[in-house]
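Reading through the structure tokens given below for one structure.
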Amino acid sequence: MVSTSPLPPWPSTPPAHGGVVLRRPREDDIAMARELATDAYVPTIGTLPRHANDEEALAWIRRQMGRYHEGAGFSFVIAEASNDTAVGQCGLWLRELEAGRASAGYSIAPSVRGRGFAADALTALTAFGWTVPGLFRMELYIEPWNTGSIRTAERAGYAREGLLRSHQIIGEVRRDMLLYAAIRPTQ
């Protein structure tokens, strides 16, 4: 398939850090997608339906597969480095690349949370982001109650920049968001 994406090439070596590798989504990642769909929060922040069945989970995986070709950014599956088991999803969203900015996001399947996969994935995603020409700033938007995600951001080197009041709609409710950011290291 020839890409029509204005994005840089897909990484020839999958980004990795600690216990995870970031790889392309595959149709056999359906169990991970279905588990993410059982989480009370994950379906409110994206296109994965709550309690997705196999067909809905597969449709979500296929949407993730297309994110690069539509020019949205890089959607990766977070996989355990030791056995390639899918444990979550993360993305580097580049709609503001022309302005030197990107946003990132990550979700870990409930059964494997607390093992450091999110911080390892965000660290790998951030290192990969700095290979993208013209990218100077990566942002995370985190609800103030989400202490696990705040710890993940800080462990991966992101700094809190402020509170964005009534910033976005999540689950049909306008929510405040903390803004965390990482700035390209100077050489």
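Would the range 143-166 turn up any residue that is more than 16 Å from the chain's Cα centre (by Cα), of a type in the set (Ser, Thr, Tyr), assigned to a strand (DSSP E or B) and at pLDDT 95 or above? There is at least one residue in the range 143-166 that is more than 16 Å from the chain's Cα centre (by Cα), of a type in the set (Ser, Thr, Tyr), assigned to a strand (DSSP E or B) and at pLDDT 95 or above. Go through the residues of the range 169-185 one by one and say whether even a single one is among the aromatic types (Phe, Trp, Tyr) and either without any contact (Cβ under 8 Å) to a residue 40 or more places away in the chain or in a loop (DSSP other than H, G, I, E, B) (or both). The answer is no; no qualifying residue exists.
Of the candidates Thr131, Thr152, Thr123, the single residue that is touching a residue at least 24 places away in the same chain (Cβ under 8 Å), of a type in the set (Ser, Thr, Tyr) and open to solvent by less than 30 Å² (accessible area, probe 1.4 Å) is Thr152.
Among the residues of the range 134-147, those that are of a type outside the set (A, V, I, L, M, F, W, C) and open to solvent by 30 Å² or more (accessible area, probe 1.4 Å) comprise Gly134, Arg137, Tyr141, Pro144, Asn146, Thr147. For the range 70-84, how many residues are in contact with an Asp or Glu (Cβ under 6 Å, 6 or more places away or on another chain) and open to solvent by 40 Å² or more (accessible area, probe 1.4 Å)? Total meeting the criteria: 0.
Residues of the range 110-120 that are touching an Asp or Glu at 6+ places or on another chain (Cβ under 8 Å) and surrounded by 23 or more Cβ atoms within 10 Å (Cβ to Cβ): Phe117 alone.
Quick one: which strands (runs of 3 or more DSSP E) lie wholly within the range 1-111 and hold at least 3 residues that are touching a helix residue (DSSP H, G or I) at 6+ places or on another chain (Cβ under 7 Å)?
On the way: elements: 20-23, 73-80, 86-93, 101-108.
It comes to 73-80, 86-93, 101-108.
Looking only at residues in the range 167-187 that are among the β-branched types (Val, Ile, Thr) and modelled with pLDDT under 95, the one that is least open to solvent (accessible area, probe 1.4 Å) is Ile170.
I need the full set of residues from the range 85-99 which are open to solvent by 60 Å² or more (accessible area, probe 1.4 Å) and either of a type in the set (D, E, K, R) or over 15 Å from Ala33 (Cα atoms) (or both), in order please. Break it down stepwise before answering.
Going residue by residue through the range 85-99, those that are open to solvent by 60 Å² or more (accessible area, probe 1.4 Å) are 85, 93, 95-96, 98-99.
Answer for the range 85-99, where residues must be open to solvent by 60 Å² or more (accessible area, probe 1.4 Å) and either of a type in the set (D, E, K, R) or over 15 Å from Ala33 (Cα atoms) (or both): Trp93, Arg95, Glu96, Glu98, Ala99.
The values are calculated or read from the model by the stated rules, or taken from the named source; none is laboratory data. The structure presented is a predicted model; accordingly, all values stated were derived computationally and were not measured. For neighbour counting, all protein chains shown are included, and Cβ atoms are generated from backbone atoms with ideal geometry for every residue, glycine included. All accessible areas refer to the heavy atoms of the entire protein, side chains included, with ligands and DNA or RNA removed. Shrake-Rupley method; radii C 1.70, N 1.55, O 1.52, S 1.80 Å.
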